[in-house]
Amino acid sequence: MTTLVAGVRAIPGLEATLQDQDAITVFAPTNDAFANALQAFGATDLNELVVKLGGAENLQTVLGFHVVPAVAFARNLNEENIFTTLAGQQLRVRSTPGSVTVIDAAGNVANVIQADVQIENGVVHVIDRVLLPSIELPKPNLVEAATEVGLTTLLAAVTAVDGLPSALLSAPAITVFAPTNEAFAAALEVFGAADLNELVIKIGGAANLEKVLGFHVVPAVAFSGDLAATNTFTTLSGQEIVVEKSGNAVSVRDQLGRVAQVVAADVEIANGVVHVINGVMLPDLMLPTIVEAAQAAELTVLLDAVTAADLGGALLNADAITVFAPSNEAFAAALEAFDAANLNQLVARIGGIENLQTVLGFHVVPAVAFSTDLAATNTFTTLAGQELTVTAGSSGVTVTDALGNTANVVTADVAIENGVVHVIDGVLLPELTLPNVVEAAQAANLTILLDAVTAADLGGTLLGQEAMTVFAPTNQAFADLLDKFSLGSLTELINTLGAEAVTKVLAFHVVPATAFSFDLAEGVQEVPTLSGEMLTVTRTGANVTVTDKAGNTFNVVAADVAIQNGVVHVIDGVLLPTL
């Protein structure tokens, strides 16, 4: 009974009080009985038991409940005995042949296992359990209550948010709708998450986990008996939750209209009440749009490109997307690789807005793929209709484009309203389709130029050039030339000038190097042509003119049409070499 002695000595003056009593009967629990009591209260030692009981005053009441201020040997007991203890509460003792039992205020029965141990001022009966008087035990805090009912996932989630446990424990009044482990498991499955860490990623990070958990807490105490048929509470997340009561059944409805049932109501805690529910409630997480996420990450060049390609609406309205978003530095490297000073020049070099749309679409997968969803090797069909290879391993995630170039994911798993963004350190290139010079001329309806090229048998020469810049006259330009020579058709022009001269005229329109308008120096420059003569080209700001050997000057009316082996500039006159 060493634990009993320690307990008595833990209360100042109690040992002396017992010794000063004229007559006492002590029902003394064994050490094993105290060990069982410690376990029942979740305490590891006597000090913890004192805390669990609500302090030294309640321990004194418990110990006093084991002492009757009179001597009662077993042989003197009636079959049924009611004693008033030093705690001021009554204790029931029953005696039958061969046994004595003691019933406490909670109805628990203790057996006397050794009776009539005589002491100086009375008698001790050794019993096999600790007797409990009627005392107000301290209510558990939220963590203790959740632990007691096995809400381990909820506790892990609360602990994962810095400062949240202390905030909940110190709140003056709370009602907690606490999801079961099974409810969290169902939420993990809905989000395609393997564990709590993955769930946090998919809902947008720790701040949104705090928002979700706060959505389960009302800063007021609401027992089920306090509820009306329909109740709207503002939660710690700042959003409203609807609680409905029908008979004894209570349900909770979240922002998405999903309903969870209260499966265990009115678990009283120190600063409020817990209702255990069978579902995880979701607030409006207010995830950013793709545009807002890009702005937050300062992906300004990507935003400019999306705006230029008029793709913003398509991305915002897509049901589900994964975006591999190049950083500004990635675009800077792409500009350098294409020898472009800015986005507009890059667009020109890759073949125009349509090809920019293809490039950007190649960075978007029409499905949601967080890094945790990836296999070791993944092949995705992008919005561009071409396949992208994504590899995931211990060193990170990489993306390989159609040309075999590899970019690294430098920031993964930025959750957005309709999917996820992964920031990458390179611009991915799909297979881009550029027209050849004939296709470009057909698209621009330069039919007379095409007829002239065919008549001069120059098609193969142009298509076979490694690099070239073509100054391509419009149909009107040819019409003006015919008028100048008072001729009625291209055939008459060929007959008048001769086939060799016409070939020289056409070759005078071709420079054997690629020169977009922005590649030209400011001012006047002489450039060689396939005719063997130099052509005068002048750039004044964004305007480009060409001057032939006869001194005629014409305007570039449509610049920078990228082709497979160079670029075409449409001009409003036919250039004449020395004839």
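Highest mean first, how do 461-470, 156-165 rank when packing is the count of other Cβ atoms within 10 Å averaged over residues?
Working: 461-470: 17.6, 156-165: 16.0.
Peptide ranking by packing, descending: 461-470, 156-165.
Take ASP226 and THR536, extend 7 Å from each Cα along the Cα→Cβ direction, and tell me the distance between the two endpoints in nm.
Inter-label distance under the simple model: 9.3 nm.
Within the chain, how many Lys pairs sit with Cα atoms under 27 Å apart, leaving out pairs fewer than 8 places apart on the same chain? Show your work: numbers first, answer last.
On the way: LYS52/LYS139; LYS139/LYS211; LYS139/LYS245; LYS202/LYS211; LYS211/LYS245; LYS484/LYS504; LYS484/LYS549; LYS504/LYS549.
Lysine pairs satisfying the spacing and distance rule in the chain number 8.
Which residues does the label zone of GLU466 cover in the range 513-551, counting backbone N under 19 Å from a point 7 Å along Cα→Cβ?
Correct set: 513-516, 528-532.
Note down the net charge around ASP226, summing +1 for each Lys or Arg and -1 for each Asp or Glu among other residues with Cβ under 13 Å from its Cβ.
Details: positive: LYS245; negative: ASP266, GLU268.
Local net charge: -1.
In nm, what is the difference between 0.36 nm times the number of residues separating THR553 and ALA167 and their Cα-Cα distance? Mind showing how you got there, number by number?
Working: separation 386, 0.36 × 386 = 138.96 nm, distance 7.92 nm.
Here the segment from THR553 to ALA167 would lengthen by 131.0 nm.
What does the net charge come to around PHE370 if you take all other residues with beta carbon closer than 14 Å to its beta carbon, with K and R at +1 and D and E at -1?
Numbers: positive: LYS202; negative: ASP195, GLU198, ASP373, ASP413.
With Lys, Arg at +1 and Asp, Glu at -1, the net is -3.
Got the relative contact order for the range 286-348 handy, in percent, Cα pairs under 8 Å and 6 or more residues apart?
Values: 35 pairs, mean separation 19.7, N = 63.
Relative contact order comes out at 31 percent.
Just to verify a number: FRET efficiency for VAL117 and ASP22, C-beta to C-beta distance, R0 = 22 Å, to 0.05? Intermediate values should be presented prior to the final figure.
Numbers: r = 18 Å, r/R0 = 0.83.
Computed FRET efficiency for VAL117 and ASP22 comes out at 0.75.
Would you mind telling me the share, in percent, of accessible area of the chain contributed by carbon and sulfur at probe 1.4 angstrom? Mind showing how you got there, number by number?
Details: 13750 of 27030 Å².
In the chain, the share of accessible area belonging to carbon and sulfur is 51 percent.
Can you give the FRET efficiency to the nearest 0.05 for SER99 and ASN47, using r as the Cβ-Cβ distance and R₀ = 35 Å? Present the calculation step by step, with values, prior to reporting the outcome.
Numbers: r = 34 Å, r/R0 = 0.98.
So the FRET efficiency works out to roughly 0.55.
On full extension of the chain, what length is gained from ALA249 through ALA479, given 0.36 nm per residue of separation minus the C-alpha to C-alpha distance? Walk me through the numbers before you get to the answer.
On the way: separation 230, 0.36 × 230 = 82.80 nm, distance 8.83 nm.
Residue separation times 0.36 nm, minus the Cα-Cα distance, leaves 74.0 nm.
Order these peptides, 133-144, 362-373, 219-230, by their mean beta-carbon neighbour count within 10 angstrom, highest first. The partial results should precede the final answer.
Values: 133-144: 16.0, 362-373: 19.7, 219-230: 13.2.
Result, highest mean first: 362-373, 133-144, 219-230.
How do the peptides 250-256, 73-79, 528-534 rank, highest first, by the average count of neighbouring beta carbon atoms within 10 Å per residue? Intermediate results must be reported in sequence, preceding the final value.
Details: 250-256: 18.0, 73-79: 12.1, 528-534: 16.4.
Order by mean packing, descending: 250-256, 528-534, 73-79.
What distance in nm lies between label points placed 7 Å from Cα along the C-beta direction at ALA206 and MET286?
Label-label distance for ALA206 and MET286, simple model: 1.9 nm.
Any idea of the accessible area per residue across the chain, 1.4 Å probe, to the nearest Å²? Could you put the intermediate results ahead of the total?
Numbers: 27030 Å² over 579 residues.
Accessible surface, normalised per residue, equals 47 Å².
Taking the inverse of the average 1/r across all pairs of different Cα atoms in the range 444-571, what Kirkwood radius in Å do you get?
Working: mean 1/r = 0.0670 Å⁻¹.
Taking every pair of different Cα atoms in the range 444-571, averaging 1/r and inverting gives 14.9 Å.
Between ASP310 and PHE338, how high is the FRET efficiency from 1/(1 + (r/R0)^6) when r is the Cβ-Cβ distance and R₀ = 22 Å? Nearest 0.05.
Given R0 = 22 Å and the Cβ-Cβ separation, E is 0.55.
Once you put a point 7 Å from the Cα of ALA501 and another 7 Å from the Cα of ALA40, both along the Cβ direction, what distance in nm separates them?
12.2
So what are the ³J(HN,Hα) numbers for the range 273-279, from phi and the Karplus equation (6.51, -1.76, 1.60; θ = phi - 60°), rounded to whole Hz, Gly and Pro as x?
8, 10, 10, 7, 10, 9, x
In terms of the ratio Rg/(2.2 N^0.38 Å) built on C-alpha atoms, what value belongs to the range 371-451? All intermediate terms of the calculation are to be shown ahead of the outcome.
Values: Rg = 18.8 Å, N = 81, 2.2 N^0.38 = 11.7 Å.
After normalising by residue count via 2.2 N^0.38 Å, the value is 1.61.
If you work out Rg and Dmax of the Cα atoms in Å from the coordinates, which of (i) 44.0, 148; (ii) 23.9, 71; (iii) 37.1, 114 do you get?
(i)
First select every other residue whose beta carbon is under 13 angstrom from the beta carbon of ALA185; then total the charges, Lys and Arg +1, Asp and Glu -1. Please report the intermediate quantities before stating the final value.
Numbers: positive: none; negative: GLU182, GLU189, ASP195, GLU198.
Computed value for this residue: -4.
The values are calculated or read from the model by the stated rules, or taken from the named source; none is laboratory data. All values derive from a computational prediction rather than experimental measurement. Because the Cβ atoms are built from the backbone with ideal geometry, glycine has one as well, and the counts that use them run over all protein chains shown. For accessibility, only protein heavy atoms count, side chains too; no ligands or nucleic acids. Shrake-Rupley method; radii C 1.70, N 1.55, O 1.52, S 1.80 Å.
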